[in-house]
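Have a look at the structure below before the remarks.
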Amino acid sequence: MSCPPGTVLNPRSFRCVRATGRRAKQLINQGNIPDYYAGQAAPAFYYRSPQRKTVKQRIPAYQPAYGGPAYGGPSAYRAQALQRQQAYQRPQQRPIEPPCPPGKIRNPASRRCINQSGKIYQQIFGTQQPARPPSRQDLHRTSSEGRLRLPVGSAAPAPLGTRPAILGWMAKNCSNQQDPITGKAFASADTTALQEVIRLHNRTCTLAAPLNDHVLAQHVSGAVATIPGDRNTHMTLDDFKALRDTMRRTNPAYKLPPRKHQPPPVNWRLYIETDNRSGPDFMSVMYVDVAKAIRVGGSVQYPVNAVKVDLGFLPRTLTGGLCAPEMIVDLVQRLAASNRLLTPVAGGWKPIAGFPFRKSDWSGADAYDKQGKLCKALAKALATPL
């Protein structure tokens, strides 16, 4: 190893230190280097390695050429590099994107989910959207202050207040004038009953107690709960949260009616592949709707609206641990085949064993430990009876 002039080699760290510095004096006192190096230039065998030539030194002198920059000059070097960069075009690959939550839409430029009531949405699509959802202070204001209208796609319980205040809120946020379950008109209800009104995500309003019985009956039969009066529209997670919050006003220990364990729809399929979304080091794991598959050439692709349950990513190159990636994929496939990978919950299905996983979950010093814990959790779920 060589050191620049005026420095000596530290035999402990194999680094070059100043010959007149504090560290060199310590090494001399400890007998690690001779004292005649102190305050002197480095010996002959400590020489400076020849420096690499810079770009300007490697390129010949300026030579004018017809029809363009100087041949062989620095500008020609940059022009050639720019041409090579422009000639290389990265293939346009759009990953499979999960659907945006209710009340949001994907920005076609940034591919991010944006609020339909925000300024960015208005700048892109040029349409005036309803105002933001009401805050906690808005829910406790009187109707004379002007309540905000909830945007389409969100659900909320009626505010606690006087009867005129609740009726004013319902006039702006409900599309129906009577309960679709009991058939009673809201205008004839008293204050106690009106404080149990729930506005669902499609602007249908109903009462909490009849809605709870409606959901319980459908969950016991194994069906997915639907909007009262609309069998083709399923209740969303926001709808169930509004039901839970309203019922807990009178019963703090209330829990949503559980769903009967059943398999997902027959047109759903478990998808575990290395694709544009996952990259070469991971595998995308999700449930997709095969009825929405698109055939491009000789391959089958699934658009964004075909993704029903996103389970995240599994490592593909994380080998050497107690559980190989192939074993995890086999366990996941066996759990899906035996209807154990998804658990029916209010509003949809919930995956087991900690899914969904992000790519960052499989990085770091504990990646192998996480892989082993996931393997044990999957094996335990496969052996546990339903």
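Could you list which residues have their amide H under 5 Å from that of Cys205, counting only those 5 or more apart in sequence or on another chain, with H placed in the peptide plane?
Counting only residues 5 or more places away or on other chains, the set is Ser175, Asn176, Leu200.
How much FRET efficiency would the formula 1/(1 + (r/R0)^6) give for Ser188 and Asn107, where r is the Cβ-Cβ distance and R0 is 56 Å, rounded to 0.05?
Between Ser188 and Asn107 the formula returns 0.80.
If we count every other residue with Cβ under 12 angstrom of Ile120's Cβ, Lys/Arg +1 and Asp/Glu -1, where does the sum land?
+4
Under a Cβ-Cβ cut-off of 12 Å, what is the net charge of the residues other than Val332 that fall near it, where Lys and Arg count +1 and Asp and Glu count -1?
0
Given R₀ = 41 Å, FRET efficiency for Ala291-Lys373 by Cβ-Cβ distance, to 0.05?
0.70
Need the full-extension length gain, Ala383 to Met327, defined as separation in residues times 0.36 nm minus the C-alpha distance. One decimal, nm.
Extra length from Ala383 to Met327 when fully extended: 18.6 nm.
Note down the nm distance, to one decimal, between modelled labels 7 Å out along Cα→Cβ at Asp366 and at Arg12.
Output for this residue pair reads 3.5 nm.
Under a 5 Å amide H to amide H cut-off, with H placed in plane at 1.01 Å, what residues pair with Gly312 once short-range neighbours are removed?
The answer is Val285, Phe357.
Summing Lys, Arg as +1 and Asp, Glu as -1, what charge do residues with Cβ under 12 Å from the Cβ of Thr274 carry, Thr274 excluded?
Result for the neighbourhood of Thr274: -1.
Just to verify a number: FRET efficiency for Ala223 and Thr319, C-beta to C-beta distance, R0 = 30 Å, to 0.05?
After rounding to 0.05, the efficiency reads 0.10.
Extending each Cα 7 Å along its Cβ direction at Ser175 and Asn305, get the distance between those two points in nm, one decimal.
Taking the two extended label points, one gets 1.8 nm.
Quick one: work out Rg over Rh on the C-alpha atoms of segment 268-383, Rh as Kirkwood radius.
Reported Rg/Rh, Kirkwood definition of Rh: 0.97.
Using the Karplus curve 6.51 cos²θ - 1.76 cosθ + 1.60 with θ = phi - 60°, work out ³J(HN,Hα) for each residue of segment 299-312 in order, rounded to whole Hz, and write x for Gly and Pro.
In residue order, the calculated couplings are 10, 10, 10, 10, x, 5, 6, 7, 7, 9, 9, 8, 9, x Hz.
A short reminder: the numbers here are calculations on the coordinates, not readings from a lab. Since the structure is predicted, the reported quantities are computational estimates derived from the model, not experimental observations. Quick reminder, even Gly has a Cβ in these numbers, built from the backbone with ideal geometry, and neighbours come from all protein chains shown.
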